[in-house]
1. Could you count how many residues in the range 1-28 are in contact with an Asp or Glu (Cβ under 9 Å, 6 or more places away or on another chain) and without any contact (Cβ under 8 Å) to a residue 40 or more places away in the chain?
2. Do you know which residues across the range 25-42 are surrounded by fewer than 18 Cβ atoms within 10 Å (Cβ to Cβ) and under 21 Å from PRO85 (Cβ atoms)?
3. I'm trying to understand the selection: among the residues of the range 79-110, which are modelled with pLDDT of 90 or more, loosely packed, with under 13 Cβ neighbours inside 10 Å and more than 15 Å from LYS13 (Cα to Cα)?
4. Please list, ordered by first then second residue, the pairs with beta carbon atoms under 6 Å, 6 or more apart or interchain, first in the range 38-60 and within 19 Å of VAL19 (Cα to Cα), second crowded, with 19+ Cβ neighbours inside 10 Å and among the β-branched types (Val, Ile, Thr).
5. If we keep just the residues of the range 43-78 that are loosely packed, with under 14 Cβ neighbours inside 10 Å and among the hydrophobic types (A, V, I, L, M, F, W, C), which is nearest to ASP3 (Cα to Cα)?
6. Test ARG47 against the criterion of being touching a Phe, Trp or Tyr at 6+ places or on another chain (Cβ under 8 Å), basic (Lys, Arg) and at pLDDT 90 or above, and give yes or no.
7. I'm checking my understanding of the structure. Among residues of the range 58-78 that are modelled with pLDDT under 90 and under 12 Å from the mean Cα position of the chain (by Cα), which one is farthest from ASP36 (Cα to Cα)?
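The values are calculated or read from the model by the stated rules, or taken from the named source; none is laboratory data. Everything quoted here is computed from the prediction, not taken from an experiment. We place every Cβ from the backbone using ideal geometry, glycine too, and count neighbours over all the protein chains shown.
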Amino acid sequence: MTDEHPRIKRERKTVKAMVKIYCKNNHKLKLDICNDCQTLLDYANLRLLNCPYQQNKPSCKNCSTHCYKEPEKSKIRKIMKYSGPRIMFTHPILALRHIIDGMKKNTKKN
């Protein structure tokens, strides 16, 4: 992952932060993240590593290629809906970058 584009690295950090916020507040385990949330995070990371757009990647909601399978798609939507408003308090820079990335609609491939 050393040759990973900074855009993808940032996206991975953002997704991880959102999953952690959701898991901490909804699953209330003593662990950093529960097994179900870790499985979803692993899936999201795999999808990001295989994203055909890489540095030109728009936010997932603006992407023309929806790469999540249905069960994972509904789970990640639920997590993002919950964590989106809350991430500003724990990771304000990531949140701001995510908002800016969300404004981009460029789906041009490498």
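1. Number satisfying all stated conditions: 5.
2. ASN25, ASN26, HIS27, LYS28
3. LYS81, PRO85, PHE89 - these are the residues of the range 79-110 that are modelled with pLDDT of 90 or more, loosely packed, with under 13 Cβ neighbours inside 10 Å and more than 15 Å from LYS13 (Cα to Cα).
4. LEU41/VAL19; ALA44/VAL15
5. Residue satisfying both the conditions and the ranking: LEU49.
6. When the stated conditions are applied, ARG47 passes them.
7. PRO58
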